[in-house]
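> Here you go, one structure.
Throughout, read-outs are computed from the coordinates displayed, never taken from laboratory work. As the structure is a prediction and not an experimental result, all values here were calculated from the model. Using ideal geometry, Cβ is built from the backbone for each residue, glycine included, and neighbour counts are taken over all protein chains shown.
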Amino acid sequence: MVITNAHVVDENDDETRKNFVKQAFQEILDDDAKTLEETMGRKLTEDEDKALTEANSWYFSQAMEVGNIKKEFNVVLGISGDKGKIVPLTIRANIVTQGKPIPGKDVAILKLTEKHTYPTIRIGDDKAMRVGDPVYVLGYPAVATFNPLLSEETISEATLTKGLVSAKKNMKDGWEVLQIDAAITHGNSGGPVMNEQGEVIGLATFVSVDEQRKQEVQGMNFIVPTTIVNEFVDKAKIKPGMSDISLAYEEAMNLFDKARYKKALLKFKEVKDMNPSFPFIDSYVSQTQKNIDKGLDKEPKDMMLYYYIGGGVLVFVLILFFVLRRKKKA
């Protein structure tokens, strides 16, 4: 879970900071309550309303202090823990560079202040996307994350929604955004939007609102494409790259898909040694071992044998060539 889409206010104005946080918190709380009531078809009870307020209060208390807002944040990653449970991993982060809120280029680049072996996602090409292409949005919509009917331990479990690219449109300043029909709401802001290959092609950023009813209009949502994100990456002189653990995991998955289970198992165990809580790692270690036990491994036999055979054939051809050449001269 990443605290994203955070706007930095004047650090020297305490009153401004307090009003900013108070207003933002109340707006999110009101929207969450309204969405829940629409979903359930009734008003929240006093206990449910109290639970929602407490859940949101806890969430914000983990991310910021009203009297001391700085350009430093907490990035909270939902990772797999004991027995497959999703648990939060909190890492301090600093803002490297940022744009302006919508209608500006609402992008912020954060630098994690600690080194961890966590998953990374490849950056894709939004220009390759076409209308009708599927997209997947990963995030923490508040209405699902802090639903008072759900247990607190599910807060770290991300929500995945699916949709299509509905259109390519331009902002007033001329830069392009992608319109998608995948459901997003408060809490999704800044979350990755991925193509079918699992590459990030944009960030969930803003939704459409019915001005008369003051309600979100689902199915008319917009994302800032990676083309714009890359502008900020270049500005910060950052070279994006996959983490070592993700590269090892990719290699393991490629071997697994080719049924080369013995080598895949070694790679999966390498990933597990780096981070025992890496997503799905226990499941793949177990499944790979079962496939090996069933005799399903399709690892090519000793390649040296093929090298010897190939080398022998080459030597034979060369000898035959020189013999025939000598005969011809004779």
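> Using the structure shown, select from LYS239/LYS263; LYS127/LYS235; LYS34/LYS162; LYS127/LYS162 the pairs with a Cα to Cα distance greater than 28 angstrom.
LYS239/LYS263
> Another one. Along the three principal axes, how long is segment 244-293 when you take its alpha carbons, biggest first, rounded to the nearest angstrom?
25, 17, 14
> Charges only on Cβ, +1 for Lys and Arg, -1 for Asp and Glu: so what's the dipole of segment 244-293 about the Cα centre, in debye to the nearest 20?
That gives segment 244-293 a dipole magnitude of about 240 debye.
> Listed highest first by mean packing, meaning other Cβ atoms within 10 Å per residue, what order do 117-123, 201-207 come in?
201-207, 117-123
> OK, next. How high is the FRET efficiency from GLU153 to LYS258, r the C-beta distance, R0 25 Å, rounded to 0.05?
0.10
> Express the relative contact order of segment 244-293 as a whole percentage, based on alpha carbon pairs under 8 Å and six or more residues apart in sequence.
35
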